[in-house]
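Asks: The structure that follows is given in the form of structure tokens.
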Amino acid sequence: MKKHLLFVLKPISILFLVFSLPIFSVSAHGLVQNQEWLFKQLSKNQSLTEYTYQVIATYPHDSQAFTQGLIFHEGFLYESTGLYGDSSLRKIDLMTGDVLLEKKIDEIHFAEGLTLFNNLLIQLTWKSHLGFLYEKDSFEYIGSFEFPYEGWGITHDKQNLIISDGSDTLRFLDPNNFLITKEVQVHLNGLMINQLNELEFINGKIYANVWHTDLILIVDPDDGQVIGWINLTGLEEQSDLSKNVLNGIAFDQTNNRFFVTGKHWPHLYEILLIEER
Ligand SMILES: [Ca+2]
């Protein structure tokens, strides 16, 4: 996502950028945030629970899918894919990766996060300031709501929708009127962590992909404190921190199964989290 930045730069400038800078963003404190930086901050904090992973199963995933939202419900995956002209809403067979139902999104919108609340699929857009509502089984369009910030990831805690916008902020919204009820800043003992992307609310905690990293943060929804993290480095051979990056967390509540994939990844993985400390 968000990859039009370089279009205005001359080729030589692009070369300079490519060879001189790692993938990064600048935090609210002016700190450069990239995978190396984040890994270092997380690693040195002994109070955090660190998880690695074991692959339980590998499933096919459409490598054309620019994954922006992923959920699991009653045996099926639901996915939102992004990019202008390629955005879609999909119902997917877990075992085969086959797209069972698909709704193409108008090319003026760049689709983002996805969640299911009260049988309604809720899909965000990146910069259109719109969220779309669909009936779960038919994908029938029900309506939309507006919000004044960028849309990145979305999940819910059974009471509130929870939305990321690429910063360190998570907004909690009343699903009846889409008004903000609460905001938290995600932080590591006061150090703000931005670029929060795809989300999943699992057993009382918010799991958040950090864009341009193979890392998932586990966040306390009450105060935004990072309480743990998952290191998924090495999971997907074709992962690429500049583009084809990890971005998709889904959880099977019934069978306690944890699924992850990424943008343009050819695989979707069921993983077991293993506590390192
Ligand atoms: Ca998700």
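The values are calculated or read from the model by the stated rules, or taken from the named source; none is laboratory data. In this text the structure is predicted, and so the values were computed from the model without any measurement. So basically every Cβ, Gly included, is an ideal-geometry build from the backbone, and we count neighbours across all protein chains shown.
Asks: Would you be able to tell me the number of residues in the stretch 237-265 that are in a loop (DSSP other than H, G, I, E, B), small (G, A, S) and in contact with a strand residue (DSSP E or B) (Cβ under 7 Å, 6 or more places away or on another chain)?
Replies: Initially, the stretch 237-265 is screened for residues in a loop (DSSP other than H, G, I, E, B), giving 237-245, 253-256, 263-265.
Filter once more, so that each one left must be small (G, A, S): 239, 242.
Still in the list and also in contact with a strand residue (DSSP E or B) (Cβ under 7 Å, 6 or more places away or on another chain): 239.
Of the residues in that region, 1 qualify.
Asks: If K44 passes every condition in (1) within 15 Å of K263 (Cβ to Cβ); (2) free of Cβ contacts under 8 Å to residues at least 12 places away in the same chain but one, which one does it miss?
Replies: (1)
Asks: When both residues are 6+ apart or on different chains and their Cβ atoms are under 9 Å apart, which pairs have a first residue that lies in the stretch 251-264 and is farther than 16 Å from L217 by Cβ, and a second that is within 12 Å of the ligand (Cβ to nearest atom) and among the aromatic types (F, W, Y)?
Replies: Correct list of pairs: D252/F72; D252/F258; D252/F259; Q253/F72; R257/F72; R257/F251; F259/F72; F259/F251.
Asks: Scan (1) closer than 17 Å to N247 by Cβ; (2) in contact (Cβ under 8 Å) with a residue 40 or more places away in the chain; (3) of a type in the set (K, R) for the single condition K136 breaks and write down its number.
Replies: So K136 meets the others, but not (1).
Asks: Something else about it: Hey, among the residues in the stretch 19-55 that are charged (D, E, K, R) and outside any loop (DSSP other than H, G, I, E, B), which one's modelled with the lowest pLDDT? Walk me through it before giving the result.
Replies: Applying the first criterion (charged (D, E, K, R)) to the stretch 19-55 yields 36, 40, 44, 50.
Filter once more, keeping what is outside any loop (DSSP other than H, G, I, E, B): 36, 40, 50.
On the way: E36: 91, K40: 94, E50: 97.
Out of the qualifying residues, it is E36.
Asks: If you don't mind, there's one more thing I want to ask. Within the stretch 204-212, is even one residue touching a helix residue (DSSP H, G or I) at 6+ places or on another chain (Cβ under 9 Å), part of a strand (DSSP E or B), among the hydrophobic types (A, V, I, L, M, F, W, C) and modelled with pLDDT under 95? Talk me through it step by step, then tell me what you get.
Replies: First, pick out the residues of the stretch 204-212 that are touching a helix residue (DSSP H, G or I) at 6+ places or on another chain (Cβ under 9 Å): 210, 212.
Of the ones still in play, those that are also part of a strand (DSSP E or B) are 210.
Now narrow it down to the ones that are among the hydrophobic types (A, V, I, L, M, F, W, C): 210.
Pick out the ones that are also modelled with pLDDT under 95 and you get none.
So far as the stretch 204-212 goes, no, none of its residues is touching a helix residue (DSSP H, G or I) at 6+ places or on another chain (Cβ under 9 Å), part of a strand (DSSP E or B), among the hydrophobic types (A, V, I, L, M, F, W, C) and modelled with pLDDT under 95.
Asks: Identify the residue in the stretch 186-196 that is assigned to a strand (DSSP E or B) and touching a Ser or Thr at 6+ places or on another chain (Cβ under 6 Å) and, among all such residues, is farthest from the ligand (Cβ to nearest atom). Spell out how you get there, then give the answer.
Replies: So in the stretch 186-196, the residues assigned to a strand (DSSP E or B) come out as 187-188, 191-192, 196.
Narrowing the set further to residues that are touching a Ser or Thr at 6+ places or on another chain (Cβ under 6 Å) leaves 192, 196.
Values: M192: 22, L196: 12 Å.
Per the stated criteria, the residue is M192.
Asks: A further question on this structure: How many residues are within 16 Å of the ligand (Cβ to nearest atom) and charged (D, E, K, R) when one looks only at the stretch 103-113? Spell out the reasoning first.
Replies: Within the stretch 103-113, the subset within 16 Å of the ligand (Cβ to nearest atom) is 111-113.
After this cut, where a residue has to be charged (D, E, K, R) as well, the list is 112.
Summing the residues that are within 16 Å of the ligand (Cβ to nearest atom) and charged (D, E, K, R) in the stretch 103-113 gives 1.
Asks: Please verify whether the stretch 150-160 includes one or more residues that are surrounded by fewer than 23 Cβ atoms within 10 Å (Cβ to Cβ) and of a type in the set (A, V, I, L, M).
Replies: Of the stretch 150-160, the ones surrounded by fewer than 23 Cβ atoms within 10 Å (Cβ to Cβ) are 150, 156-160.
When the remaining residues are screened for being of a type in the set (A, V, I, L, M), the result is none.
No, every residue in the stretch 150-160 fails to be surrounded by fewer than 23 Cβ atoms within 10 Å (Cβ to Cβ) and of a type in the set (A, V, I, L, M).
Asks: Can I ask one more? For the stretch 161-178, which positions are over 13 Å from L120 (Cα atoms), among the polar types (S, T, N, Q) and surrounded by fewer than 19 Cβ atoms within 10 Å (Cβ to Cβ)? Reasoning before the result, please.
Replies: Of the residues in the stretch 161-178, the ones over 13 Å from L120 (Cα atoms) are 162-174, 177-178.
In the following step, the residues that additionally are among the polar types (S, T, N, Q) were identified as 164, 167, 169, 177.
Within the stretch 161-178, T169, N177 meet the criteria.
Asks: So which of L217, L268, L241 ends up being modelled with pLDDT under 95 and either among the aliphatic types (A, V, I, L, M) or within 14 Å of the ligand (Cβ to nearest atom) (or both)? Explain how you work it out, then say what you get.
Replies: Details: L217 fails: modelled with pLDDT under 95; L268 fails: modelled with pLDDT under 95.
Result of the check over L217, L268, L241: L241.
Asks: On the given criteria, is L83 at pLDDT 95 or above, away from the ligand (no atom under 16 Å from the Cβ), at positive phi and of a type outside the set (S, T, Y)? I'd like the intermediate steps shown before the answer.
Replies: On the way: at pLDDT 95 or above: yes; away from the ligand (no atom under 16 Å from the Cβ): yes; at positive phi: yes; of a type outside the set (S, T, Y): yes.
In short, yes.
Asks: Every residue in the stretch 192-210 that is over 21 Å from K263 (Cβ atoms) and among the small types (G, A, S), please.
Replies: Matches in the stretch 192-210: G204 only.
Asks: T58 - would you say it is among the polar types (S, T, N, Q), touching a Gly at 6+ places or on another chain (Cβ under 7 Å) and modelled with pLDDT of 60 or more? Spell out the reasoning first.
Replies: Numbers: among the polar types (S, T, N, Q): yes; touching a Gly at 6+ places or on another chain (Cβ under 7 Å): no; modelled with pLDDT of 60 or more: yes.
So T58 fails the test.
Asks: Working carefully through the options L116, L199, L124, L100, find the one that is away from the ligand (no atom under 16 Å from the Cβ), in a strand (DSSP E or B) and in contact (Cβ under 8 Å) with a residue 24 or more places away in the chain. Step through it out loud before you land on a result.
Replies: Values: L116 fails: away from the ligand (no atom under 16 Å from the Cβ); L199 fails: away from the ligand (no atom under 16 Å from the Cβ); L124 fails: away from the ligand (no atom under 16 Å from the Cβ).
None of the others qualify; the one that does is L100.
Matching residues to (1) within 16 Å of the ligand (Cβ to nearest atom); (2) within 21 Å of F117 (Cα to Cα); (3) of a type outside the set (K, R); (4) assigned to a strand (DSSP E or B):
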| position | (1), (2), (3), (4) |
| --- | --- |
| G151 | yes, yes, yes, no |
| N176 | no, yes, yes, no |
| D223 | no, no, yes, no |
| V226 | no, no, yes, yes |
| W229 | no, no, yes, yes |
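Asks: Still on this model: Among the residues of the stretch 154-170, which ones are under 12 Å from G224 (Cβ atoms), out of contact with any Phe, Trp or Tyr (no Cβ under 6 Å at 6 or more places or on another chain) and within 16 Å of the ligand (Cβ to nearest atom)?
Replies: L170
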